[in-house]
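The values are calculated or read from the model by the stated rules, or taken from the named source; none is laboratory data. Small disclaimer: the values here were computed from a predicted structure and weren't measured. Quick reminder, even Gly has a Cβ in these numbers, built from the backbone with ideal geometry, and neighbours come from all protein chains shown. Side chains included, ligands, DNA and RNA excluded: accessible areas come from the protein's heavy atoms. Shrake-Rupley method; radii C 1.70, N 1.55, O 1.52, S 1.80 Å.
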Amino acid sequence: MKFILAASAALVGAAVLLSACATTPPPPSTEMTRAKAAIEQAQRAGAREYSTEYLNASMAKMEMAEAASAKGDNARATRLVEESYADAHLAQISAQSAKSAKAAADVDKSIVTLQDEASRTTTP
C-alpha cells in the first residue's frame, strides 16, 4: 500500500513538473528581430537627436530582454521586447514630429525673410 502511495505521489510530481515545462513560453526571437528593426528605424528617423529618452529606454529594455532570454525567463523577455518595440516606435514618431515642426519653423522664417525683402524693395 505504501508503495502505491509513493508511486502515485511520484507520478503526480512528475506530471506537475512536466506541465510546468510545457507552459514555458518560447524565446521571443521573432519579436526581438522586429523590435531591433524598430530601433534602427527610429535611429534613421533622427531619434538620437530628437527623441533620445525614448530611444535609450527602448535600447535598455532590449538589453534586459536579451539577458532575461539568456537566463530562460522567456515570459519576462517577451514583455520587455514588447515594451522595447513600443518605445522605439514612440521614439521614431516623436523624432519625425520634431523634424516636421523644425521644417515648418524654417519655412515660416523664410517667409518672413522674403516678406521683409519684398517690403524693402517696394519702398521708395
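Close Cβ contacts (under 6 Å, 6 or more residues apart or on different chains) running from residues in the range 43-69 that are over 13 Å from Leu90 (Cα atoms) to residues that are surrounded by fewer than 21 Cβ atoms within 10 Å (Cβ to Cβ) comprise Lys61/Glu83; Ala68/Arg76; Ser69/Pro27.
What about Arg76, is it within 24 Å of Ala98 (Cα to Cα) and open to solvent by 90 Å² or more (accessible area, probe 1.4 Å)? No, not satisfied.
Filtering the range 99-121 for residues that are part of a helix (DSSP H, G or I), among the small types (Gly, Ala, Ser), under 20 Å from the mean Cα position of the chain (by Cα) and over 17 Å from Glu40 (Cβ atoms) leaves an empty set.
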